[in-house]
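Note sheet for the following structure.
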Amino acid sequence: MIKLRVKIILWIFIISATFLCGAQIENINSNELLAFEDFLRAQHLKHALLLGPGPGPGPNWSRQIENYKRLFANYRMQFFTPQRGVQFQELFYYEAPRTALLVVAFEGEHIKRWVYEAASAGGYFNNSQAWFMLGNSQTNQTDEQIIRLHLSAYNISIDADITVAMRGPQANNQSWLLYDVYRVGQETPLRVEPKGQWSLAAGYKLWANFSGSWLRRRSNLGNITLIGSTVLVEKPAGMDDLSYLSNNKDLLQLDPMQRKTFQLFLLMGRMYNMSLEVRFRETWGQLLPNGSWTGVMGHVTSGEVHFAVCPIRFLTERHRYIQYTPSLHTQLIHFLFRHPRHSSIRNIFFEPLSTQVWWCVLALVVGSAMLLLLHVRQELRLQQQLAQPVERQMSFVWFTMLETFLQQGPATGQFQLPSTKILISASCLFSFMLMQFYGAFIVGSLLSDTPRSIVNLQALYESSLEIGMEDISYNYELFNNTSNQLVRNVYSKRICRDRQHNILSIEEGAERIKEGGFAFHTTIDRLYRLLNELLDERLFCELQEIMFSPPYLGASVLPKSSPWREYLNHAVLYLGETGLIGYNDKMWSVPRPDCTLFKDAEVEVDLKHFAPALFTLVLAMLVSAAVFLLELLFDWLKARAKATAGWR
């Protein structure tokens with residue numbers, strides 16, 4: 001209903017303009033304007049560019065422009081005429097809104113000269129503009145042949161949005177067949193596919209297969225070959241570049257970032273039915289004083305390759321020259337070191353209870369013994385009345401309390417008084433609770449992890465560990481360009497204190513970590529793969545990470561206005577959504593041992609922990625032997641004294 005009202009209003013304006021201007025609107029008739037208005041609505045566009053007639057339009061063109069502005073009052077209209085001295089490419093600017101372009105007669109020579117050639121050179125046959133071209137069918141040629149004849153010579157890319165409306169010879173200007181025009185690659189022929197139909201009665205109608213995204217519709221690239229660029233810096237001599245790059249089974253510690261990302265591009269090749277040709281460089285790229293780039297960046301900015309197949313870090317200085325895809329790779333860059341052990345030997349039998357607790361226990365033992373002594377005296381009187389003697393020695397009291405606290409206890413009929421039984425029962429309960437707490441604490445201390453004290457950059461800076469970093473460009477940028485004073489101090493006062501021994505290659509850093517007492521700053525995945533071969537499980541579980549900067553994100557890069565941008569963006573997002581990027585990351589990550597299982601297997605009371613108990617027992621045995629010798633000496637002296645007295 002709304003569409004019918006718009007057409008009625010448009011007809012009113014056209015009739016009015018006809019009466020006012022006479023033949024001034026002959027160049028573009030009413031049906032063509034209605035078709036273009038339907039095209040704007042179907043494309044959801046508000047900006048339009050009307051390409052005017054060639055040189056010599058006469059004085060009526062300016063008045064016609066005013067009529068067109070009135071007819072398309074709800075749209076932002078621009079007009080281009082070659083004779084006005086304005087170049088076609090000057091009508092567009094960076095990040096300009098998507099614009100619909102109306103070409104009234106796409107076969108015209110002035111259009112080819114002033115518009116098509118400029119659009120082809122400037123790369124305007126892409127998805128940033130929606131072209132609506134009008135043409136006439138012929139009886140001796142098909143519409144596809146006519147379109148290829150006039151448009152094949154121009155730089156039309158795969159992301160082109162070109163709709164050619166061909167008017168049939170018998171259509172009486174009320175019906176057009178619509179064609180979709182694009183080219184997969186520069187060396188491939190122009191593709192012309194039937195897209196739909198426009199008629200005065202039915203309006204703008206598209207076939208069913210054109211209802212979805214153009215990217216899905218053009219996903220089959222016909223096995224064309226696209227060129228990518230990557231960096232190889234650690235390839236062993238004698239290996240083929242491409243075989244080494246595509247190998248995801250062997251030598252995973254060499255160039256892992258580039259080789260891992262290349263596996264994703266192989267998946268993209270299968271997604272789009274395309275092949276990859278890879279060109280190699282030794283660096284990612286540096287900006288030269290003349291404005292050009294070296295390495296992979298030079299490949300991309302010069303147009304020698306279509307995109308990079310290795311991840312490139314997001315840097316502000318690169319945005320002016322290239323465009324990024326969504327993130328392909330996350331690079332973790334940390335400090336890594338073996339956390340030092342505590343040097344003191346843990347006395348596991350005396351550590352759980354403090355000195356005050358032990359003094360309290362001793363006081364309770366002595367107090368209980370004294371209280372039991374009073375009870376024994378009372379028991380003595382009772383036993384004398386019952387003619388059941390009780391030992392009088394103090395040793396009886398001591399060993400009775402000792403048996404009680406060791407959960408042995410005296411014989412059941414040894415004592416008769418209820419108060420004595422209550423005292424011994426309470427002592428037994430106290431001893432039971434003390435033993436349970438003591439044993440549980442010992443077991444818990446063995447099962448718990450040893451706390452680590454160096455867990456942040458401040459603690460690392462204040463520790464006695466030597467600190468170093470890998471000799472690579474991003475480390476210098478990270479430490480020199482930061483505003484964090486602590487990071488600056490770590491670099492200037494700890495790392496640079498002995499540059500020769502602290503700024504190393506990653507292989508040398510791994511060897512220093514193995515020796516211990518050294519923290520190394522580099523990419524974690526590469527370092528873990530080296531340490532996995534150098535360290536056993538016990539030493540590997542001592543590794544500690546310290547992160548003070550966010551991870552680096554890397555993505556593929558393309559030239560500005562590349563027609564493959566949407567393809568790569570869609571592929572990266574699709575691979576991430578389906579979990580294939582995560583799976584690929586896992587395939588290239590280093591398998592780490594389960595340190596919890598390793599610690600559980602390691603828990604045991606070894607000689608180091610049991611030595612204090614053995615020492616106490618041996619000391620008691622030595623004291624007992626010494627007392628025994630003293631007793632023998634005293635007995636010998638007594639016997640000798642008696643013999644001497646008897647001799648006298």
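The values are calculated or read from the model by the stated rules, or taken from the named source; none is laboratory data. The model shown is predicted, which means the values in this text are computed figures rather than measured ones. Here Cβ is always computed from backbone atoms with ideal geometry, including for glycine, and neighbour counts include all displayed protein chains. Ligands, DNA and RNA are excluded from the accessible area calculation, which covers all protein heavy atoms including side chains. Shrake-Rupley method; radii C 1.70, N 1.55, O 1.52, S 1.80 Å.
Using a cut-off of 15 Å between beta-carbons, work out the net charge of the residues near Tyr324 (Lys and Arg +1, Asp and Glu -1, Tyr324 not included).
+3
What percentage of all Cα-Cα pairs in region 110-267 are separated by more than 28 Å?
42
Skipping prolines and chain starts, which residues have an amide H placed within reach, meaning under 5 Å, of the one on Met133, given they are 5 or more residues away or on another chain?
Amide H to amide H, under 5 Å and 5 or more residues apart or across chains, Met133 pairs with Val103, Thr163, Val164, Ala165.
Once you put a point 7 Å from the Cα of Met547 and another 7 Å from the Cα of Arg313, both along the Cβ direction, what distance in nm separates them?
1.6
In Å³ and rounded to a whole number, note down the convex hull volume per residue for the Cα atoms of region 128-192.
73
At R0 = 22 Å, how high is the FRET efficiency between Glu90 and Gln43 if r is their beta carbon distance? Nearest 0.05 is fine.
0.40
Using modelled backbone amide H atoms (1.01 Å from N, in-plane), which distant-in-sequence or interchain residues come within less than 5 Å of Gln323's amide H?
Leu558, Lys560
Expressed in nm to one decimal, what extension gain is obtained for the pair Arg217 and Ser589 from 0.36 nm per residue of sequence separation less their Cα-Cα distance?
Result for the pair: 130.3 nm of gain on full extension.
Work out from phi, with θ = phi - 60° and the Karplus expression 6.51 cos²θ - 1.76 cosθ + 1.60, the ³J(HN,Hα) of each residue of region 491-496, listed in order in whole Hz, and give x for Gly and Pro.
Each residue of region 491-496 in turn: 6, 6, 9, 10, 6, 7 Hz.
Can you work out ³J(HN,Hα) from phi for every residue in region 297-311, in order, using Karplus 6.51 cos²θ - 1.76 cosθ + 1.60 and θ = phi - 60°, giving whole Hz and x for Gly and Pro?
4, x, 4, 6, 5, 7, x, 5, 10, 7, 6, 8, 9, 10, x
Given a 1.4 Å probe and the protein chains all in place, what does the accessible area of Lys235 round to, in Å² to the nearest 10?
Roughly 60 Å² of Lys235 is accessible to a 1.4 Å probe.
List every residue whose amide H lies under 5 Å from the amide H of His329, counting only residues 5 or more places away in sequence or on a different chain, with H placed 1.01 Å from N in the peptide plane.
Those lying under 5 Å, H to H, from His329 are Gly554.
Give the calculated FRET efficiency between Thr188 and Ser505 to the nearest 0.05, with a Förster radius of 60 Å applied to their Cβ-Cβ distance.
With R0 = 60 Å, the Cβ-Cβ based efficiency is 0.80.
From the phi of every residue in region 561-571, what ³J(HN,Hα) in whole Hz does the Karplus formula 6.51 cos²θ - 1.76 cosθ + 1.60 yield, where θ is phi - 60° and glycine or proline is x?
Whole-Hz 3J(HN,Hα) from phi for region 561-571: 6, 5, x, 9, 4, 5, 5, 5, 4, 5, 5.
Under a point spin-label approximation (7 Å from Cα along Cα-to-Cβ), what is the Gln286-Ser137 distance to one decimal in nm?
Going from the Gln286 label point to the Ser137 one covers 6.3 nm.
Using 7 Å Cα-to-Cβ label points, what is the Leu200/Ile227 separation (nm, one decimal)?
Each label point lies 7 Å from its Cα, and together they span 5.3 nm.
Between rounded, prolate and oblate, where does region 179-321 land on the alpha carbon gyration tensor, with a ≥ b ≥ c its root eigenvalues, rounded for a/c under 1.5, else prolate if a/b exceeds b/c?
Verdict is prolate for region 179-321.
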